[in-house]
Each structure stands twice: as structure tokens, then as C-alpha cells.
Amino acid sequence: MPPKDTRIAVLGAGNMGSGIAQAFATAGYRVAVRDLTDKELQRGRDAVERNLNRSLERGRIDADKKAQILSRIEFTTDLTAAVAGTRLVVEAIFEDPKVKQALFAELATVVPKEAIVATNTSSLSVAKLFEEFPSPERCAGLHFFFPASVNKLVEVIPGPATSPATMEFLVSLCYGIRKIPIRVRDAPGFCVNRFFVPFLNEASRLVEEGVANIATVEAAANELLGTKMGPFELMNVTGVPIAFHSITTLGNAFGEYYRPSRILKEQFDRGEKWNTEGEVHPSAVDDVKARLAGCVIGIASRLVEEGVATAEETDRGARIGLAWKKGPFELLNSLGSISGYEHVDKLHRRWGVTFPVSPRLAEIAISNENWPLSTVRYDKEAPIAWVLLDRPEALNALNSSVLKDLAHAVTQAAADPEIRVVVLSSTSGNFAAGADIAEMVKKTPADSLAYTTTGHAVLRQIETLDKPVFAAVDGYALGGGLELALSADFILASEEATLGLPEVSLGIIPGFGGTQRLTRLVGPARAKMMILSGNPVKAPEAYDLGIAARIVPAERLREEARNLALTIASRAPIAVKLAKQAVDGGREASLPSGLALERQLATYTFTTADLREGMTAYLEKRKPKFQGA
Ligand code: COA
């Protein structure tokens, strides 16, 4: 995460610009907001104050905090002053490509060389916007969702030349301001609007065709998606014109199915809101649900197939950005793939090529399986397998799915001969904030026994893996999160990490091996100090206590983890495996038994070709080429 003294410039003080500036300032960053006139700046300042006053009334912040946030935002009409010394510029003016490009041309002459430039857009091509910009590798798109000060979702969109370092910076900055970023390809509607806007349009089409009245569509949509506001009420809040313009843009890109319905156009032309009053007709609810589900699942499965986003990120986008209880793929899995497919196919038969059925969806339906979704990402970078916890919205809290997905990923790494080292880490800036409290609270003693038994089995699988596995820990590693890290061979922690076993503060005790592994690692006194107090420690103290084997600056965690993994992978594989066995096997044994084990394993290494290779290479002053034999 970029340090808090990083200066950020936001161009545009409208709804989005002021909300974005507020999000940065709330997270502790200093922000310069620039707009063309004092009047527009004043409007932006008023919007921030209004939002903060609302938070104050709801008791989310106090007057001091409000003053601090405001003091971090300066407003200016001077572009050069706004961007001086800045590390990031977020352009958030209105959605006109010509005006945005003209601003970028001006910006190119004054922005510091090393600054990253992002455009906030919900509908424009990032590639086109930065076509003329002198250093496109430092440019990308950010799509903050309305209201930007509150909504946690941000789509991060690389252009064709965007460097991986720029993407990493933006993703980690989003986590740093408590947002949930999803990486999305530069395609019309990006990820979420690609299915959300047609969902609004489909709702209006259902009314236009007389399938149901507005009140029934609202009720059916809320039932289907677990929302509080249906599509029409949402359009009333965010603006019918926005829905109309967005669907028109998608229609131009994808054809007939995506064109605005007649009544949406009429409503736009009249400049009126929808009248959502009326009686709900229960007999029409199922038909409405089927159409809306078909629309959302059909489009989402296509966009995943096109590589716009992953299924997991698409679901996350819907849950976080739109407050749906289930994303399109979770919805599909809950309906069953056969009926999900049928709803999609029905729309396809009507709309033809502009509403194609994803071949993957058809395959899944034929075998009557679920669309595979995982809470753990498995990134193979041979000889390293990165096993990355991927539930950022719950700080990677470990629930039953995470345990299952972890076991699957570890089994995959174990079975792959190209993998020599496994690194356990996360896709976001937090390792894991414990077992999932929302899931645990519902458990009976019998459920809890089953849960801890599964937890023990998965963590034991990691501990006894015959390949080295270490945890690269950033942010929170609490409760089950720390217990998971303790099941690895060792912990490499970022200086910013917080490690602890706070279970007693919830009325439980560590149940994924914490009482046993921590005690063996640091001794009973230190383990009890942490477990009985429940107090977490910061990484430097964790290092002093012997919990973390090494600590590194947060921004270097991934690189250091990679270097360390590559070093281990460069050593003789059998020797590495046996050394791990000697340490682990000897830990519980008496010294004479441990030494006997070491003797036995050391002798075994003298039967390997790798020993001859290692020693000959040393004598010949060259690098060894180990075969693992
Ligand atoms: N189980 C379930 N959900 C969890 C969780 C857990 N262990 N830890 C965090 N989350 C969820 C939060 O409920 C929140 O969800 P929401 O946005 O839907 O409300 C989301 O993750 C973000 O957490 P939040 O609390 O808003 O972040 P924070 O930065 O303010 O605080 C912590 C971070 C870690 C201090 C705080 O989340 C916490 O105390 N978590 C529980 C830690 C714990 O007791 N672990 C041991 C469990 S055995």
C-alpha cells in the first residue's frame, strides 16, 4: 500500500470526483481537487461536507475525524499546483472523450514523470482515452461505483500498454482506501455494467410486453437477487438518463438485444421518473424472475468466456457494487445449471446472435454441474505455486468453502511435478482475519466439532506436504488466519502485518491448532501471553517472539517471497524434502531420537545423484543442475 504521505490529485469536483477525493482523504491521503471554477469547487466541497455530516449523524465518525478528513483536501483551479509532487492523478470529469482527452493533453505537460494517471469512467474505452498520452504504461482506468465515498467496488482497467507495476499500484491503493478492486478488461460496459444495465433494460421490456407491471417486476427482482431496491426504483435514484445512455452505448457495441426498450426511451424523452406504485401480481413473479435470471446469467457467462473478468470477480462486482445477495454465477448455481441454461437459451432463441449462449454454460448444464467458483486462487508460476486466499470482502475469513478450496489447491500443488515450493498468501492486502464469525455463530457443538476437524485436516495437509510451503503474510493474520500461517514451514511477514489469536474475546479458543503450534514455536509462556490476552502483535514484535521468521517492507513482500521461493527451489529437491522431515520429525522427539532420524535421512542423501551433482558442481565451481533423484 502506498505510504500515507503520497499526494493524490483528483481532477473534477463533481459527484464522482468529490466522492473519490473523500475516500482518499478518509484513508489518510492528502488530496488536491481541481476544477475549472470556484463555483464547481464549492459544489464539490459542499458534497463532501454533506456526506461527512451524514456519517457524523450516524455516529460513524466524530467531529475531530470530520475535521481531519476535510483538512486533507485542498481545492484549487490551478492544474499545475494540483498535480505538483503527486504520485497519482485521478481524472473524474464528465464522460465526454474529447473533453477528457483535451485535459490529458494539458496534463501531459505538467504531471510529474513518475505519476500514475487514471481515468474514472464507466463507459469509455481506456485504450482510446490514453491513445495520445506520452506514457501510456502509467495510465489505466478506474471505475468507482456510485456513491464513490461509500460504495466499495472499483473496477481497475488496464489499457493495452498499462504496465503490471501500474496495475499493482492501483489495486493496492484501492485496498488501502478500503475499497474492493476487481481487474477488468477494457471492453464496453467493463464487467458489472455489461450485465447490470441490460438487466435494467430487460426489466422495462417486461413491462412493455405486459408480462408484469412495474410493482411486480420490482418485487420479483428483489426476491431473485435479495435486494431492497428493484430496477425501477434504482433508475429513479441514479437517473433514468444514465440508464438510457448506458444501454444505448452497449447497444451500439453489442447489437439488438442491448438496444433500449421503447418505454425506457419514452421515459427518458419525457424526463420523468418511473411510477413504482401498484399491486404485485404473484402469478407473474416466476416469469419475471426467469427472464431477469436469463439476462444476467447469459451475459455474465459470455463476458467471462471473453476474458473480461473471472466468474469470481463478476460475482464480487455484483455483490459489492450492486448489493446483490448473489452474483450471476452464485445465482446460476443456486437455480441449478439446467434451469439457468434454459432461461438463457430462451432469450437466445428470441434474440439470436446478439444474445449468444456461452458454450461453457451449455457444457456445465449438460453435465448438470455447478459453475466452478473458488475462494482460493491458484497461480502457477513454476517452480512456485501461489495459493492465494481470495475473499477480500470478508478479509479472507475462513469458511467451509475456503477450507475446501484450500485443500483442493494444496492437492493440486502436491501433484504437480513442476511445483517445488508453495507460497500461501492472499490476493489482497490482508492474509486472513480469522475463521468466519458469521458462519461460526450458527454452529452447534456438533457442527463446530466437524468444522475444527476439517480445519485440522486441511492445516495438517499443508504442514505435512512433502514440498516446502511458507506463508507470505500482509495485513491481518488473526485467529484461524494465523493458525493457517502457522501450519506452513515458516512465516515471511510484511512490516505492516498484525498477527494474533483473539479467539478468547469471542468466547472461544483457537481451534485450528493455534494452542498447539504456537506453543511449540515460541514456548508456553509467550503463547499463553498471546492466547489468554487475545492481543495481536505487529510484525516486528512477532519477529522478536519468533513467530515470523523474517519481516520485509510491505511493498516488497511479493518480490521477497518470490526470491526466497526461487532460492529454495534451486536447492537439491530431495535434500530440501528430507531436511523438512528431519526438522518436523525431530521436533516432538527426544534429542537422541531426533539425531537418529537425522542420521538416517542424511545417509539417504548419499544414495542420491543430486549429492554427487551438488558436490561435483562445487568443486568444478559451477552451478549444480539437480534432477531430484
Ligand atoms: N469473520 C467474518 N467476517 C469478517 C471477519 C471474520 N473473522 N473479519 C472481518 N470480516 C468482515 C467484516 O465483517 C466486514 O464485512 P462487512 O463489510 O460486510 O461489514 C469486512 O470483513 C471488513 O472488515 P472490517 O471489520 O470492516 O475491517 P476493519 O479494517 O475495520 O477491521 C479487523 C479489521 C480485523 C480488526 C476486524 O475485521 C475484526 O476484528 N475481525 C474479526 C477478527 C477476529 O476476531 N478473528 C478471529 C475469529 S476466530
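Hull surface divided by four, with the convex hull built on the Cα atoms of region 510-568: how many nm²? Mind dumping the intermediate values first?
Values: hull surface 19.7 nm².
Mean projected area for region 510-568: 4.9 nm², to one decimal.
Just rank Val522, Val126, fewest to most, by other beta-carbon atoms within 10 angstrom.
Values: Val522 17, Val126 26.
Least to most surrounded, the residues fall as Val522, Val126.
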statement: Taking Lys and Arg as +1 and Asp and Glu as -1, residues besides Asp287 with C-beta under 11 Å from its C-beta add up to +1
- prompt: What per residue convex hull volume, in Å³, do the alpha-carbon atoms of region 192-367 yield?
  reply: 105 Å³
task: Would you calculate the volume per residue, in Å³, of the smallest convex hull containing every Cα atom of region 421-517?
output: 94 Å³
- line: Its Cα gyration tensor gives region 7-183 an equivalent ellipsoid whose semi-axes in whole Å, largest first, are 25, 18, 14
task: Could you work out the relative contact order of the chain, using alpha carbon pairs under 8 angstrom and six or more residues apart, expressed as a whole percent?
output: 7 percent
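So for each of 297-305, 545-553 I average, over its residues, the number of other beta carbons within 10 Å; can you give me the resulting order with the highest mean first?
Working: 297-305: 24.9, 545-553: 18.7.
The peptides rank, most packed first, as 297-305, 545-553.
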query: Want the number for Leu619 to Ala102: 0.36 nm per residue separation, take away the alpha-carbon distance, what's left?
result: 179.6 nm
- prompt: On a 0 to 90 degree scale, rounded to 10, what angle separates helix 557-570 from the longest Cα axis of the chain?
  reply: 40 degrees
- prompt: Extension gain Thr37-Lys346, at 0.36 nm per residue separation less the Cα-Cα distance, in nm?
  reply: 106.0 nm
- prompt: Which of the peptides 433-442, 270-279 is most tightly packed, and how do the rest follow, going by the mean number of other Cβ atoms within 10 Å of each residue?
  reply: 433-442, 270-279
- line: Between the Cα axis of helix 164-176 and the main Cα principal axis of the chain, the angle (0 to 90°, nearest 10) is 80 degrees
query: Mind checking the angle between helix 192-208 and the chain's longest principal axis? C-alpha axes, 0 to 90 degrees, to the nearest 10.
result: 40 degrees
message: Could you tell me how far the Cα centroid of region 552-586 sits from the Cα centroid of region 258-324, in Å?
response: 49 Å
message: Among 162-173, 57-68, how do they line up by average Cβ neighbours within 10 Å per residue, starting with the highest?
response: 162-173, 57-68
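From the helices alone, meaning DSSP H stretches of at least four residues, give me the mean residue ellipticity at 222 nm for the chain, per-run term -39500 (n - 2.57), in deg cm²/dmol to the nearest 500. Let's see the in-between values first.
Values: 28 runs with 326 residues, N = 629.
The per-residue figure over the chain is -16000 deg cm²/dmol.
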query: So how far, in whole Å, is the C-alpha centre of region 511-551 from the one of region 353-393?
result: 36 Å
message: Using only the alpha-carbon atoms, what does region 548-629 span along each of its principal axes? Please give whole angstrom values in decreasing order.
response: 43, 38, 18
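Per residue and in Å³, how big is the convex hull formed by the alpha-carbon atoms of region 572-619? Show your work: numbers first, answer last.
Values: hull volume 3.1 nm³, N = 48.
Once divided by residue count, the hull of region 572-619 is 64 Å³.
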message: Quick check on region 135-215: what are the equivalent-ellipsoid semi-axes from the Cα gyration tensor, as sqrt(5λ), descending, whole Å?
response: 33, 15, 7
message: Run the reach check for Lys289 against lysines, Cα to Cα strictly under 16 Å, same-chain hits fewer than 8 apart removed. What comes back?
response: Lys228, Lys325, Lys326, Lys346
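From the C-alpha gyration tensor of the chain, pull out the three semi-axes of the equivalent ellipsoid (sqrt of 5λ each), sorted largest to smallest, in whole Å. Could the numbers behind the result be given before it?
Working: eigenvalues 436, 185, 126 Å².
Working through the eigenvalues yields semi-axes of 47, 30, 25 Å.
Rank the residues Tyr175, Tyr29 as a footprinting-exposure proxy: fewest other Cβ atoms within 10 Å of their Cβ go first.
Working: Tyr175 20, Tyr29 23.
Arranged by neighbour count, lowest to highest, Tyr175, Tyr29 become Tyr175, Tyr29.
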- prompt: What lysines could a cross-link reach from Lys621, if we take a straight Cα to Cα line under 26 Å and drop same-chain neighbours fewer than 8 places away?
  reply: Lys577
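If we count every other residue with Cβ under 11 angstrom of Arg526's Cβ, Lys/Arg +1 and Asp/Glu -1, where does the sum land?
Values: positive: Lys528; negative: Glu541, Asp544.
Around Arg526, the surrounding residues sum to -1.
In the structure displayed, which of Lys39/Lys66; Lys404/Lys580; Lys4/Lys380; Lys443/Lys528 lie more than 28 Å apart, Cα to Cα?
Working: Lys39/Lys66 22 Å; Lys404/Lys580 25 Å; Lys4/Lys380 33 Å; Lys443/Lys528 26 Å.
As for pairs spanning more than 28 Å Cα to Cα, those are Lys4/Lys380.
Coordinate-derived values only; no laboratory data. Please read all numbers here as calculations on a predicted model, not as lab measurements. Every residue, glycine among them, receives a Cβ derived from its backbone with ideal geometry; neighbour counts consider all protein chains shown.
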